[in-house]
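Q: Here it is, the structure in full.
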Amino acid sequence: MKRTILLVGVGGQGTILAAKVLAQVGLNLGMDVKMSEIHGMAQRGGSVVTQIKMAEKVYSPLIENGEADEIISFEKLEAQRYLPLLKKNGSIVYNDQEIAPMPVVIGAAQYPGNIEAVLAQYTSQVHKVAASQLAAQLGNQRAVNILLLGTVAAGWQDTPKQVWLDALTAVIPARYLELNRKAFEVGYQYGQ
C-alpha cells in the first residue's frame with residue numbers, strides 16, 4: 001500500500017494536528033511515513049500545507065505535480081489552489097467553508113464563485129463535506145479537522161476503523177479525546 005496525501009487549509013484550522021493523526025495511521029499500519037509542513041503566514045489566515053507520504057519505504061515527503069492520491073482541504077479555495085498536485089483521478093475531500101484570503105478582504109479580488117465546478121472538472125472523485133456545520137452541531141467548530149478525517153477514513157476500505165481510533169488516542173490529548181472521537185464518528189458516518 002502506498003499513499004500520498006496533501007492536507008491544505010488556513011491557519012488555525014487544525015491542519016497540522018490532522019496531519020499528525022494521519023501520519024500515526026500510517027505508522028500504525030507498519031508503513032514508513034514522511035511528513036512536511038509549510039506555513040504561509042499561518043497566524044494571519046495564510047495557507048497551511050502538509051504533505052504526507054506513506055509506503056513500505058519513503059525517501060522524501062515532498063509531493064510533485066500530479067502525484068497526490070488525495071487532497072484533504074479544510075477550506076474550499078485551498079482545494080482549488082493545490083489541484084495541480086493531484087494525480088489524475090485522485091480524490092478530494094473538502095470542507096464547504098469559505099474563508100476570504102487577504103486580497104478578497106481588502107477588496108482587490110473576489111472570492112471565486114465556481115470552485116465546485118473547477119474541482120469537478122479536474123476529477124470525478126470530489127466529496128464535499130459540510131464539516132463546519134456538523135462540527136458546530138457537536139458544539140465545537142475546532143473539531144472540523146478530525147471530522148474531515150472521519151470522512152476520509154470511511155473511504156479507506158483497506159484500513160480498519162480501529163487503526164484510525166488508535167491513532168486518535170495516540171495523538172490527541174486525553175482531555176480532548178472524547179470530543180474528537182465524536183467528530184470522527186460523525187465524519188465517518190457522513191463518508192459512508
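Q: Scan the stretch 43-61 and give yes if some residue there is under 24 Å from G113 (Cβ atoms) and not in a strand (DSSP E or B), otherwise no.
A: yes
Q: If you don't mind, another one. Of everything in the stretch 1-12 that's part of a loop (DSSP other than H, G, I, E, B) and open to solvent by 30 Å² or more (accessible area, probe 1.4 Å), which residue is modelled with the highest pLDDT?
A: Among those residues, the one meeting the criterion is K2.
Q: Next question. Does any residue in the stretch 78-90 that is among the acidic types (D, E) come within less than 6 Å, Cβ to Cβ, of a residue that is modelled with pLDDT of 95 or more and open to solvent by 20 Å² or more (accessible area, probe 1.4 Å) six or more places away or on a different chain, and which pairs are these?
A: none
Q: Considering only residues of the stretch 43-80 that are open to solvent by 30 Å² or more (accessible area, probe 1.4 Å) and of a type in the set (G, A, S), which is farthest from G9 (Cα to Cα)?
A: S60
Q: Taking the residues in the stretch 81-116 that are open to solvent by less than 20 Å² (accessible area, probe 1.4 Å) and of a type in the set (G, A, S) as candidates, determine which candidate is nearest to the chain's Cα centre (by Cα). Let's see the steps before the verdict.
A: Of the residues in the stretch 81-116, the ones open to solvent by less than 20 Å² (accessible area, probe 1.4 Å) are 83, 86, 90-95, 115.
Those left that are additionally of a type in the set (G, A, S): 90-91.
Numbers: G90: 14, S91: 11 Å.
Across the stretch 81-116, the extreme among qualifying residues is S91.
Q: Scan A131, A117, A109 and give me the residue that is without any contact (Cβ under 8 Å) to a residue 40 or more places away in the chain and touching a helix residue (DSSP H, G or I) at 6+ places or on another chain (Cβ under 9 Å). Reasoning before the result, please.
A: Details: A131 fails: without any contact (Cβ under 8 Å) to a residue 40 or more places away in the chain; A117 fails: touching a helix residue (DSSP H, G or I) at 6+ places or on another chain (Cβ under 9 Å).
The match here is A109.
Q: When you scan the stretch 140-189, how many residues do you find that are open to solvent by 50 Å² or more (accessible area, probe 1.4 Å) and of a type in the set (V, I, T)?
A: Number satisfying all stated conditions: 1.
Q: Is it the case that some residue within the stretch 25-41 is among the β-branched types (V, I, T), closer than 20 Å to Y94 by Cα, under 15 Å from the mean Cα position of the chain (by Cα) and not in a helix (DSSP H, G or I)?
A: Yes, there is a match, as at least one residue in the stretch 25-41 is among the β-branched types (V, I, T), closer than 20 Å to Y94 by Cα, under 15 Å from the mean Cα position of the chain (by Cα) and not in a helix (DSSP H, G or I).
Q: Please count how many residues of the stretch 117-129 are farther than 23 Å from E67 by Cβ, open to solvent by 50 Å² or more (accessible area, probe 1.4 Å) and not basic (K, R).
A: Of all residues in the stretch 117-129, those farther than 23 Å from E67 by Cβ come to 117, 128-129.
This time we only want the ones that are open to solvent by 50 Å² or more (accessible area, probe 1.4 Å), so: 117, 128.
Okay, now just the ones that are also not basic (K, R), so 117.
Total meeting the criteria: 1.
The values are calculated or read from the model by the stated rules, or taken from the named source; none is laboratory data. No experiment lies behind these values; they were computed from the predicted model shown. Virtual Cβ from ideal backbone geometry, glycine too; neighbours counted across all protein chains shown. The accessibility values were calculated without ligands, DNA or RNA, using every heavy atom of the protein model including side chains. Shrake-Rupley method; radii C 1.70, N 1.55, O 1.52, S 1.80 Å.
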